[in-house]
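Data block below; observations after.
The values are calculated or read from the model by the stated rules, or taken from the named source; none is laboratory data. A quick note: this is a predicted structure, and the numbers were derived from the prediction, not measured. For neighbour counting, all protein chains shown are included, and Cβ atoms are generated from backbone atoms with ideal geometry for every residue, glycine included.
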Amino acid sequence: MSTSHRTARRLRRTAQRCAAGAGILALGLGLAACGSDAAASGEDLELYGHTITQDDALAERVPEEWKAGITVPVKVLQPNAFVDDDGETVGLQPDFVRALGAKWGVPVTMEPVAFDGHVPGVMAGKYAFTASTGDHEQRRDVMDMVDYINAGVAWLTTQDSDIQTKDDICGHTIGSIKGTDQELRAEDVVAECEAKGISGTESVGFSNTLITVPLEADRIDVAYDSVSYMLYAASHQSDQFRLVGEQELLAPIAFGVKKGEQEKVDLLRDSMQSLMDDGVYEDVMAEWGQEDLSLDQVYVNQEGMPTS
């Protein structure tokens with residue numbers, strides 16, 4: 001069995017272990033036990049057949065406050081980020097952040113935290129940048145966004161649910177993660193159902209948990225979350241879950257920095273583009289089964305991005 005496949009198996013075991021450890025609030029309450037990790041500076045990174053070394057031209061552009069090391073928040077959501085049995089943060093986003101750190105010669109620590117703490121953490125100077133923030137116009141009032149992955153949302157329910165299409169969602173309890181776009185969109189669905197004269201539709205937000213946990217526990221009837229995770233859950237737990245309707249591609253996922261810090265924007269864009277040019281990006285996306293969400297290049301604040 002290859003190292004990457006052993007890692008994937010280990011990730012699945014870890015997600016199950018953390019989830020079992022504390023019930024509905026499993027991952028959030030278990031993060032302190034599962035831990036975070038740091039990647040040393042000046043070391044080459046071996047990643048899916050690629051050796052990533054320091055790029056001196058990029059390293060010279062690293063902001064002074066990042067040179068001693070950076071901390072980046074990640075959202076614990078399969079397959080984007082996990083904490084494995086060794087306490088190491090792994091997944092698609094950690095792969096990219098580690099690759100950036102290797103190119104810059106900067107030590108990187110990834111901290112699994114609830115999504116609603118990412119942007120405030122950057123604004124307060126606790127984190128260097130976000131790694132999993134949707135690039136929406138309202139966020140650009142305070143942040144500049146370096147877009148590197150397509151993203152969207154999807155609906156998921158249990159195999160025995162009476163919800164067959166999106167039209168059936170009215171009258172049911174919708175679950176989403178607090179602080180996300182999905183939570184706002186779920187509330188819009190509730191309002192739409194009420195406008196149709198259908199009562200009983202409710203939106204419930206959760207923190208520090210995989211949204212499949214309350215779904216499996218019958219606390220909600222349908223879950224609304226990131227398309228990457230919903231596709232993964234429907235595929236790897238097909239005996240339990242199924243998608244409802246088609247996935248909805250929305251705003252891309254971006255690295256977010258404080259508004260007006262152009263040198264950081266340029267560094268992130270050029271560094272990520274170099275990973276695309278080197279073929280690293282393609283192989284990381286393939287490793288985690290996210291090829292359909294790949295972008296053709298790195299964008300900033302969606303400028304120049306194709307609309308379809």
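Brief remarks follow.
- Residue ID - farthest from Ala234 (Cα to Cα), chosen from residues in segment 104-155 that are of a type in the set (Lys, Arg) and touching a helix residue (DSSP H, G or I) at 6+ places or on another chain (Cβ under 9 Å): Lys126
- Subset of segment 128-141 (residues that are in a strand (DSSP E or B) and either over 24 Å from Asp225 (Cα atoms) or in contact with a Phe, Trp or Tyr (Cβ under 9 Å, 6 or more places away or on another chain) (or both)): Thr130, Ala131, Ser132, Thr133
- Qualifying residue in segment 147-164 (condition: over 30 Å from Asp283 (Cβ atoms), hydroxyl-bearing (Ser, Thr, Tyr) and out of contact with any strand residue (DSSP E or B) (no Cβ under 8 Å at 6 or more places or on another chain)): no
- Test: residue in segment 229-251 that is within 30 Å of Ala128 (Cα to Cα), modelled with pLDDT of 95 or more and not assigned by TED's automatic domain parsing to the domain that holds Arg269: no
- Of all residues in segment 163-182, exactly one satisfies the criterion of being in contact with a Phe, Trp or Tyr (Cβ under 8 Å, 6 or more places away or on another chain), of a type in the set (D, E, K, R) and farther than 16 Å from Glu246 by Cβ, namely Lys178.
- Residue tally, condition within 21 Å of Ala217 (Cβ to Cβ), touching a Gly at 6+ places or on another chain (Cβ under 9 Å), surrounded by 14 or more Cβ atoms within 10 Å (Cβ to Cβ) and not polar (S, T, N, Q), over segment 180-206: 5
- Checking the stated criteria, Ser176 turns out to be surrounded by 16 or more Cβ atoms within 10 Å (Cβ to Cβ) and hydroxyl-bearing (Ser, Thr, Tyr).
- Filter pass, Cys170 being crowded, with 18+ Cβ neighbours inside 10 Å, part of a loop (DSSP other than H, G, I, E, B) and touching a Ser or Thr at 6+ places or on another chain (Cβ under 8 Å): yes
- Helices (runs of 4 or more DSSP H) lying entirely in segment 193-308 (those with 2 or more residues that are over 18 Å from the mean Cα position of the chain (by Cα) and over 24 Å from Phe82 (Cβ atoms)): 262-277
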